[in-house]
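Colleague: Got a structure here, written out as structure tokens. Questions coming.
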Amino acid sequence: MADKQITVAVPEERVPEFYAWFAEFLTAEPGTAQPSERGRHGYRGHRHRSDVSAWSADDADQAAWLYSKLAPPARELFDLLLDAPGERFGGETIATRLSLEKGAHGVAGILAWPGRYSRHLNRVLPINTERRADGGTDYYIDPNTAAIFVAARQQPVAPGRRRRGRGPR
């Protein structure tokens, strides 16, 4: 089915929150509960559902596959966060370091496809978000998940595992 282009006005201070919500919407299976109905654990970015698991040491192949699928801006974001496990980076800081034209708003948009790929693997998005008191958003990867992806980015992906929209079998 073809995508439908939709334009909506979003209050400037809520754009990062909207992008995070939209990324979650895109990663969900059609017909599932709306993001607001799925349950939240603060603004940490993890939306736990029974069929989505956290990353574990057993997920090396899946992590390597996901990392291999990342577009250059998403790979740069992952690399920044992987090189500083657990450290929180504000959206504006990331946008400056990655030279993103859309600033902090562009950071959340980068996460849509990694979110979809994670969902195909039945895993949560490895990047966590946390809302700041000033209305901005911090991004980070917890140290345990970072260790999995640091090892995975060194691991080559077998040619048969680069299938579009599917993780390794």
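The values are calculated or read from the model by the stated rules, or taken from the named source; none is laboratory data. Please read all numbers here as calculations on a predicted model, not as lab measurements. Quick reminder, even Gly has a Cβ in these numbers, built from the backbone with ideal geometry, and neighbours come from all protein chains shown. Just so you know, the surface numbers come from the protein's heavy atoms only, side chains and all, with ligands and any DNA or RNA stripped out. Shrake-Rupley method; radii C 1.70, N 1.55, O 1.52, S 1.80 Å.
Colleague: Within region 105-137, which residues are of a type in the set (S, T, N, Q) and buried (at least 16 other Cβ atoms within 10 Å of the Cβ)?
Modeller: Ser118, Asn128, Thr129, Thr137
Colleague: Could you check region 138-153 and list, in sequence order, the residues that are open to solvent by 20 Å² or more (accessible area, probe 1.4 Å) and of a type outside the set (Val, Ile, Thr)?
Modeller: Asp138, Asp142, Pro143, Asn144, Ala147, Ala151, Arg153
Colleague: Can you name every residue in region 125-169 that is modelled with pLDDT of 85 or more and closer than 11 Å to Trp65 by Cβ?
Modeller: Of everything in region 125-169, just one residue is modelled with pLDDT of 85 or more and closer than 11 Å to Trp65 by Cβ, namely Ala152.
Colleague: A further question on this structure: Those residues that are open to solvent by 50 Å² or more (accessible area, probe 1.4 Å) and either in contact (Cβ under 8 Å) with a residue 60 or more places away in the chain or touching a Gly at 6+ places or on another chain (Cβ under 9 Å) (or both), I need them from region 71-104; list them, please.
Modeller: Scanning region 71-104 gives Pro73, Pro85, Glu92, Thr96, Lys102.
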